[in-house]
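Colleague: Quick one: the structure is below, questions incoming.
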Amino acid sequence: MPLLQVRNITKVFGALIALRDVSFEVNRSEILGLIGPNGAGKSTLFNVISGFHHPDKGKILFKDTQITGLRVDRIAGMGIGRIFQEPTLFMQETVFENVFSGLHRHYREPAWKAFLHTRAANREEAASKKKAAEILEFMDLAAMRDELAANLPHGHQRSLAIAIALACEPELLLLDEPVTGMNPSETAVMSDKIRQIRERGITVLIVEHDMRAVMSLCDRIIVLNLGEKLVEGTPDRIKNDQRVIEAYLGKQVI
Amino acid sequence: MKLPNSLKTDRVTRYKWIAIIIVLIALIVLPLCIESNYIKHLLIMACIGAILGMTFSLLFSSGLITLGAAAFYAVGAYSSTVLVMNAGLSFWAALPLTLVFTAILALGFGAVFVRNAGVAFVIITLIFAQVVVLAAAQADFLGGWGGIMGIPRPNPVGTVNFAAKTDYYYLILAMLLLVVLIYNALYSSRIGRAWRAIKLSPKLAGTLGINEYRYRLLAFVIGSTTAALAGCFYAHYSQNITPGAFGGWLSIYVQLYAVLGGLEFYILGPAIGAVVMTFVPEYLRIVKEWEPIITGVILLVVILFFPGGILGTLKNPPALSLNKFHSLYNRLVTGKKRDSNS
C-alpha cells in the first residue's frame, strides 16, 4: 500500500489550469523528487496535498484515507509535515521556541490539564522540551538555540524550518526547495540530513531546482510540465529522457 | 508577572519573586496609607481598567485586535444588575450566572466573528460594541439612555459589606489577581504557545496541526467572559450604569492601556497602562478643558516614538542614558542573568 496516492488531481485558477489530471503514488520510506520548469505546478501540488488549496477534481489518499478538502491543521495532524519555499518561521522567537511551538501535536494530556499545570501535564512539558532539544541536536542547530530565528543565515533558517516540521512527528514530509540558494558544501550537508530523515522512517517528497542534488538524493523522480505529469522514473531514466530535456530547454535548442 | 510566553517561566528567578512580593505588599498596604476617597476611587477604576486591558491583550496574543472590549463589559454589567435588581438574586449568585451567560453569548457571536481575522475583525468588534450600546439604550427594562440607578453593592461577606471604598478595593484587587493567575497559567501552557504561534504565523501554525479557528474562539470567549467579570464589579461599584458609559471611547481607552504599557507584555503592560491612564489625566485636570487634548498628545507621542510602550522602552531603551534601567529591568523582570532553558 502506497503511503500517499494522488489521483487525477486538477486545479484551476481562473483561466489558468495549474494542474491537469496529475496522478502518482508515494511509497513508504522513499525519497521522491518532483521537478519541472517554473510554472509547472509543483508548488500548487504541494499546496493541494497539504490542504492550502482544494483541488477542483481528483482525490488524495493518505494511508488509504481521503484527505481531499480537509483543513490544513487536520492534514498536519494526520502526519503530513511540510516546509515552505519562502522562509516561514516564528521570526520573533528563538530557535528553541520555534521547535518547542512545533511540538503542538505531541501532547496527550488534555488542554485543560495543561492550563491547570497538573503534574502529568508538567511532566509532558518537560519531555517535550527534551524532545525539542533532541531535534535541534539532530538538525545541527543546538549551538544557536537562543538566537532569534530572524537573525539566522539562510541555510540555518532552512534547517530550522525542517526542525519545526519534524517536531510534528510526520510520516510524510514535503520539502519545498530545501537546498535552493545554498552553496555546494551546504547542499551536501543538507542532502545528507534528508537521507538521515528518511532513515528515521519518514517518507520525503521534494520539490527542488538543484538538479544535481535531486539526482543524487531521490529514489524516483516525477517531472511536471505545464501542469501535467510528463514522466516518472529513476534519476537515470529521467536524465536521458528526451521529453524532459525538451521541457527544460525548449525544442528549438535541440 | 510578565510572561508574554510560556518559555519564560524558566526565567522566573529569585529576583522576580522578590519583586512580585514587594508589589503585592504595596498593593495591599496602599489604601491604608491613603485618606482621600477620590484616590481610592481611582485605584478601583485602575484595577477594573487593568482587567479590561488584559482582555485586549489576551485576544491580541492570538493575533486578534478588538475594538469592542466594552461590549461584553456592558453585557456583564447589565446582566448582573438585572439578575440582582429584577430577579432578586444575591450578587454572589448573579456573578457566576452572568459569567456563564456571557460565555455562551461570546461563544455564539465569536463563532461568527473570529472567522474573520485582521481588519475585518477589528471593524466587526467596533460595530458590535456600538450595537450593544444602542440595544441597551432601546430596551425599556434596561432603563433606556437614562440607565439603571440604585444598584446595590455586593451582599456582605461576614462583617464586610463593601460599602467602604477600601473594602471594595480589596475585592476588585482580589479579582484582578485571580485574572492574572488564570491568564498567566494560560500563557505559560501550550494554549498560550498555540495562540502565539497563530499570531506570529497562521500559515505555519496550521502545518503544525494548530486549529487557528478553535484557538481564536477560545481566546475570544475567555476574553469576553473576563470583560463581563469586570462589568459586574463596575456596575455594583458605581451603583448606576448608563449606555453612554460603555461607548466607543471606552474600547479605545482599553486598547490604549495595552499599547501604552507595552503590547508585548500581556499582563504587566495593561496593568501599568491602566494605572498611568487613570492617574495622569486626573492630575492634568489643573488645565481642565485642555486635559483630553494633552492626554491625546502624550499618547500620540508614546505610540509614534516609543512603539514598545512603557515596558518595551525600558526593556530596549532607545538611548544610552537608559542602559542602567535596562540591566536593572533584566535582573528584576526577565532574570536574563541565568541560562534560560536549562
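The values are calculated or read from the model by the stated rules, or taken from the named source; none is laboratory data. Quick caveat, the model's predicted, so the values are computed rather than measured. Please note: Cβ atoms are built from the backbone with ideal geometry, for glycine as well, and neighbour counts cover all protein chains shown.
Colleague: Give the residue that is farthest from residue A:9 (Cα to Cα), with candidates limited to residues of the range A:58-70 that are surrounded by 14 or more Cβ atoms within 10 Å (Cβ to Cβ) and either among the β-branched types (Val, Ile, Thr) or touching a residue at least 40 places away in the same chain (Cβ under 8 Å) (or both).
Modeller: Residue satisfying both the conditions and the ranking: A:63.
Colleague: Also: Going through A:234, A:203, A:180 one at a time, which residue ends up being of a type in the set (S, T, N, Q) and closer than 22 Å to residue A:153 by Cβ? Walk me through it before giving the result.
Modeller: Working: A:234 fails: closer than 22 Å to residue A:153 by Cβ; A:203 fails: closer than 22 Å to residue A:153 by Cβ.
Step by step, each of A:234, A:203, A:180 is checked, and only A:180 is of a type in the set (S, T, N, Q) and closer than 22 Å to residue A:153 by Cβ.
Colleague: Those residues that are outside any helix (DSSP H, G or I), surrounded by 17 or more Cβ atoms within 10 Å (Cβ to Cβ) and touching a Gly at 6+ places or on another chain (Cβ under 9 Å), I need them from the range B:117-168; list them, please.
Modeller: Of everything in the range B:117-168, those that are outside any helix (DSSP H, G or I), surrounded by 17 or more Cβ atoms within 10 Å (Cβ to Cβ) and touching a Gly at 6+ places or on another chain (Cβ under 9 Å) turn out to be B:117, B:147.
Colleague: Would you be able to say whether some residue in the range B:206-220 is modelled with pLDDT of 90 or more, more than 14 Å from chain A (Cβ to nearest Cβ), part of a helix (DSSP H, G or I) and on the phi < 0 side of the Ramachandran plot?
Modeller: Yes, there is a match, as at least one residue in the range B:206-220 is modelled with pLDDT of 90 or more, more than 14 Å from chain A (Cβ to nearest Cβ), part of a helix (DSSP H, G or I) and on the phi < 0 side of the Ramachandran plot.
Colleague: Further question: List, please: which pairs have Cβ atoms under 6 Å, are six or more places apart or on different chains, and start with a residue in the range A:132-150 that is farther than 20 Å from residue A:169 by Cβ and end with one that is modelled with pLDDT under 95 and of a type in the set (Gly, Ala, Ser)?
Modeller: Close Cβ pairs (under 6 Å, with a partner that is modelled with pLDDT under 95 and of a type in the set (Gly, Ala, Ser)) do not exist here.
Colleague: Right, another one. So in the range B:189-205, with the set limited to residues that are basic (Lys, Arg) and surrounded by fewer than 23 Cβ atoms within 10 Å (Cβ to Cβ), which one is farthest from the other protein chains (Cβ to nearest Cβ)?
Modeller: Of the residues in the range B:189-205, the ones basic (Lys, Arg) are B:190, B:193, B:196, B:199, B:203.
Still in the running and surrounded by fewer than 23 Cβ atoms within 10 Å (Cβ to Cβ): B:199, B:203.
Values: B:199: 9, B:203: 6 Å.
Among those that are basic (Lys, Arg) and surrounded by fewer than 23 Cβ atoms within 10 Å (Cβ to Cβ), it is B:199.
Colleague: Take the residues of the range A:104-146 that are among the acidic types (Asp, Glu) and more than 8 Å from every other protein chain (Cβ to nearest Cβ): which is farthest from residue A:162 (Cα to Cα)?
Modeller: For the range A:104-146, the residue satisfying everything is A:109.
Colleague: Go over the candidates B:134, B:186 one by one and state the one that is facing chain A (nearest Cβ under 10 Å) and modelled with pLDDT of 90 or more.
Modeller: None of the others qualify; the one that does is B:186.
Colleague: Name the single residue that is surrounded by the fewest Cβ atoms within 10 Å (Cβ to Cβ) among those in the range A:86-124 being touching a Ser or Thr at 6+ places or on another chain (Cβ under 8 Å) and over 28 Å from residue A:178 (Cβ atoms).
Modeller: A:117
Colleague: If you check B:89, B:95, which single one turns out to be assigned to a loop (DSSP other than H, G, I, E, B), surrounded by 16 or more Cβ atoms within 10 Å (Cβ to Cβ) and at negative phi?
Modeller: From the options B:89, B:95, the qualifying one is B:89.
Colleague: Residue A:190 - would you say it is surrounded by 15 or more Cβ atoms within 10 Å (Cβ to Cβ) and either without any contact (Cβ under 8 Å) to a residue 24 or more places away in the chain or over 14 Å from the mean Cα position of the chain (by Cα) (or both)? Explain how you work it out, then say what you get.
Modeller: Numbers: surrounded by 15 or more Cβ atoms within 10 Å (Cβ to Cβ): yes; either without any contact (Cβ under 8 Å) to a residue 24 or more places away in the chain or over 14 Å from the mean Cα position of the chain (by Cα) (or both): no.
Taking the combined requirement at face value, the residue does not satisfy it.
Colleague: Which condition number in (1) closer than 19 Å to residue A:205 by Cα; (2) at the interface with chain B (Cβ under 9 Å from one of its Cβ atoms); (3) surrounded by 23 or more Cβ atoms within 10 Å (Cβ to Cβ); (4) of a type outside the set (Asp, Glu) is the one that residue A:179 fails?
Modeller: The single condition residue A:179 does not satisfy is (2).
Colleague: Something else now. Among the candidates B:24, B:7, B:30, B:3, single out the residue that is at pLDDT below 95, within 14 Å of another protein chain (Cβ to nearest Cβ) and assigned to a helix (DSSP H, G or I).
Modeller: Only one candidate qualifies: B:7.
Here is a yes/no grid of residues against (1) closer than 25 Å to residue B:152 by Cβ; (2) surrounded by fewer than 24 Cβ atoms within 10 Å (Cβ to Cβ):
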site	(1), (2)
B:35	no, yes
B:45	yes, yes
B:50	yes, no
B:57	no, no
B:63	no, yes
B:71	yes, no
B:102	yes, no
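Colleague: Here's a follow-up. For the range A:74-103, name all the residues that are small (Gly, Ala, Ser) and either more than 7 Å from chain B (Cβ to nearest Cβ) or in contact (Cβ under 8 Å) with a residue 40 or more places away in the chain (or both).
Modeller: A:76, A:79, A:81, A:101, A:102
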